[in-house]
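For reference, the structure is listed below as structure tokens.
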Amino acid sequence: MKRIGLLAFAAAVFLCAASGTAVAQGAVAARASGGMSWIIPESQFGFEIVVVVTFNGRKYENGDVLGRIDYHLTAFGEHFHDSIRMTCLEVYDGGTRVKYGGVVEVSNNTDPGTQWVWFQGIDNGEGAGAPPDQSTIGGVGTEEENEAFCASPAPPSFIFDVNGNIQVVEG
């Protein structure tokens with residue numbers, strides 16, 4: 001009988017996981033995703049930068065954040081790649097602007113100052129008449145700086161039009 005109860009419990013956990021139901025986190029408070037690329041011209045910083053970012057994250061009502069960021073940057077003829085576990089996600093401006101960041105788990109960048117990376121994106125709507133979505137280049141620093149960045153409602157200092165799409169949803 002214990003075996004049947006254990007199997008029933010395992011089946012219930014599997015069904016919740018398969019359906020996408022968050023067991024421990026509760027309801028989703030915000031979610032954001034995007035796939036984008038852009039080129040920062042040499043005139044901006046003195047050298048050309050090619051950036052590709054994909055991300056997908058959710059923030060739950062209890063404050064937990066689950067998500068991933070894949071960050072590619074090419075500059076000076078070198079390609080850098082970071083695979084990042086998202087630890088913060090905050091939505092601002094009525095659901096059109098998102099700040100997100102996290103800890104680098106896999107990287108080919110040997111600079112010890114890039115253990116935490118964060119971004120800010122603007123969802124400018126959908127359709128042929130909508131202006132392009134926008135993103136910042138990745139900021140780098142400490143865990144404390146990452147969390148403070150996400151928690152601050154400050155708008156971006158530098159932002160770039162992107163090729164691609166950002167989706168931001170509150171609630």
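The values are calculated or read from the model by the stated rules, or taken from the named source; none is laboratory data. The structure displayed is predicted, hence computed values, not measured ones. A quick note on method: Cβ atoms are made from the backbone with ideal geometry, for glycine too, and the neighbour counts reach across all protein chains shown.
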* Assess whether VAL52 counts as being under 20 Å from PRO156 (Cβ atoms), buried (at least 17 other Cβ atoms within 10 Å of the Cβ) and at pLDDT 95 or above. => yes
* For CYS88, state whether it is touching a helix residue (DSSP H, G or I) at 6+ places or on another chain (Cβ under 9 Å) and either of a type outside the set (Lys, Arg) or at pLDDT 90 or above (or both). => yes
* Taking the condition modelled with pLDDT of 95 or more, aliphatic (A, V, I, L, M), touching a Ser or Thr at 6+ places or on another chain (Cβ under 9 Å) and closer than 23 Å to GLN44 by Cα, does ILE122 pass? -> yes
* With respect to ASP161, determine if the residue is closer than 14 Å to GLY34 by Cα, under 15 Å from the mean Cα position of the chain (by Cα) and among the acidic types (Asp, Glu). => no
* Structure fact -> If we keep only residues of the range 115-171 that are assigned to a strand (DSSP E or B) and either among the charged types (D, E, K, R) or without any contact (Cβ under 8 Å) to a residue 12 or more places away in the chain (or both), then the residue farthest from SER83 (Cα to Cα) is GLU170
* Asked: Across the range 105-125, what is the number of residues that are surrounded by fewer than 18 Cβ atoms within 10 Å (Cβ to Cβ) and either under 12 Å from VAL168 (Cβ atoms) or among the hydrophobic types (A, V, I, L, M, F, W, C) (or both)?
  -> 3
* So how many residues does the range 53-68 have that are under 18 Å from PHE160 (Cα atoms) and in contact (Cβ under 8 Å) with a residue 40 or more places away in the chain? -> 2
* Residue list for the range 131-156, filter: farther than 17 Å from GLU90 by Cβ and modelled with pLDDT under 95 -> ILE137, VAL140, THR142
* Give the range 80-89 a look and list any residue that's crowded, with 21+ Cβ neighbours inside 10 Å and not β-branched (Val, Ile, Thr), or say none. => ASP82, MET86, CYS88, LEU89
* Asked: If LEU66 passes every condition in (1) farther than 16 Å from THR136 by Cα; (2) surrounded by fewer than 17 Cβ atoms within 10 Å (Cβ to Cβ) but one, which one does it miss?
  -> (2)
